[in-house]
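One structure is given below, encoded as structure tokens.
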Amino acid sequence: KNQKKGTDITLTVDAKLQAYAADCLEGVKGSVVIMDPRNGEVLAMVSSPSFDSNIFVERGKGEQAADYMKSGSHPMLNRAINGQYPPGSIFKIIMSDAGLETKAITEHTTFVCTGKFFVGRAEFDCWKEGGHGPQDLRDAITHSCNIYFYNLGRKLGPYVISEYAQKLGLGRPTGIDIAGESAGLVPSPAWKKAKRAQSWYEGETINYAIGQGDLLVTPLQMVEVVSVFAAEGSAPRPHIIKKIGNADVQVPKPRTIPVSKAAIGTIKSAMVNVVSSDTGTGQRARMEGIKVAAKTGTAQTPNGEPHAWFLGFAPADDPKIAFVVMVEHGGHGGVTAADIAKKILDFAKDNTEICK
């Protein structure tokens, strides 16, 4: 038994924030990732339900360990890096970028939302019965209007949608320094033909435009996507190891993503409205004295309640914190996930140096 003391590893994680975020997810299945959008330092990463890793090494705990492995709630799954979910409406920030950069729309392009959208005889609905009326891009993001994005999706087509999803980092691992990260899935007609030997239907494009269908993302990928909006085109490499022994770990340089500053500016201002406007879907996350930019998502699932998403960054004009909250089968993102995000942001502001 030649036990040797290993080298200490220093993490980027803020211990207080990590513990508080874990408390906020108590009793639900889901994940929270909080990252510094300037350098990719992961400040908190929680997957719930969680497990006590000590029982795998302590004697007499074999039964408990076996229960973890078999549990239907999958405590062993790190949902932050391996949970793959449809993003729902949080995908609309990527759609907006694609629309503005390809000039398929401008910020003033308006579509009228009557609550319904038809492709042939198939009907696609907005979440708001009776519709939102005329919406420009900022309105559509603020109110998360589906009809606007159905129209935009039809204009862009599936190849452009998948191109922009990949450009912003979906469909591949972020490269975080934790093993076994999932890649998610960015579908396209070519993918469908190769994988399923089937043609692509227009109805799938309509679904794709609001982040539904075969599209899958991890919470970590989405915190990186939202960081591109926070840092205006710079995508930091998420990492969790700060030092090994006394040596600082060399942080990979952020990738520069060629995004138009004007497009990002428009989308950012709309994401501020999501929280600050009295008709915004994320107004429950408003903070005293700090502007929050965010987007809600309610992603339909084949069975059970939809998944609830809330992602964004704060302070909006000088982002120091990018966040994603994802609650499996949590219902409406603007309620469940936004409430958790608000608690965590308030805690960060009051109890850490991060959100000053």
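A protection proxy built from the mean count of other Cβ atoms within 10 Å ranks the segments 285-293, 79-87, 6-14, most packed first, as 79-87, 285-293, 6-14.
In this view, the solvent-accessible surface of residue 154, computed with a 1.4 Å probe and all protein chains in place, comes to about 100 Å².
Per-residue extension of 0.36 nm, minus the Cα-Cα distance of residue 242 and residue 77, leaves a gain of 57.0 nm for this segment. Between the listed residues 112, 158, 208, the Cα displaced farthest toward the positive end of the dipole of the stretch 108-208, a dipole computed from Cβ unit charges relative to the Cα centre, is found at 158.
Given R₀ = 22 Å, what would the calculated FRET efficiency be for residue 251 paired with residue 318, taking r from the Cβ atoms and rounding to 0.05? Show your work: numbers first, answer last.
On the way: r = 21 Å, r/R0 = 0.93.
In this case the efficiency is close to 0.60.
Between residue 261 and residue 110, the FRET efficiency estimated from the beta carbon spacing at R0 = 25 angstrom works out to 0.60. Measuring only protein heavy atoms, the 1.4 Å probe finds residue 200 accessible over about 50 Å².
Working from label points 7 Å from Cα in the Cα-to-Cβ sense, the residue 214 to residue 4 distance is 4.9 nm.
Between 218, 281, 102, the Gaussian network model of the chain with springs among Cα atoms under 10 angstrom shows the greatest mean-square fluctuation at 102. Here the scattering of the chain is modelled by Debye summation over its C-alpha atoms, one equal scatterer each and no solvent; at q = 0.10 Å⁻¹ the log10 of I(q)/I(0) is -0.59. The mean accessible area for residues of the chain, using a 1.4 Å probe and ignoring ligands and nucleic acids, is 45 Å² per residue. Can you spot the aspartates and glutamates whose alpha carbon is less than 19 Å from residue 193's alpha carbon? Ignore those fewer than 8 places along the same chain. Output for residue 193: 163, 202, 204, 214. Straightening the chain between residue 127 and residue 15 buys 36.5 nm, computed as 0.36 nm per residue apart minus the Cα-Cα spacing. May I ask you to give the percent of accessible area on the chain that is carbon plus sulfur, with a probe radius of 1.4 Å? Looking at the chain in its full context, I get 51 percent from C and S.
The values are calculated or read from the model by the stated rules, or taken from the named source; none is laboratory data. All figures in this text were calculated on a predicted structure; none of them were measured in a lab. Quick reminder, even Gly has a Cβ in these numbers, built from the backbone with ideal geometry, and neighbours come from all protein chains shown. For the accessible areas, the whole protein counts, side chains as well, though only heavy atoms, and no ligand, DNA or RNA atoms are used. Shrake-Rupley method; radii C 1.70, N 1.55, O 1.52, S 1.80 Å.
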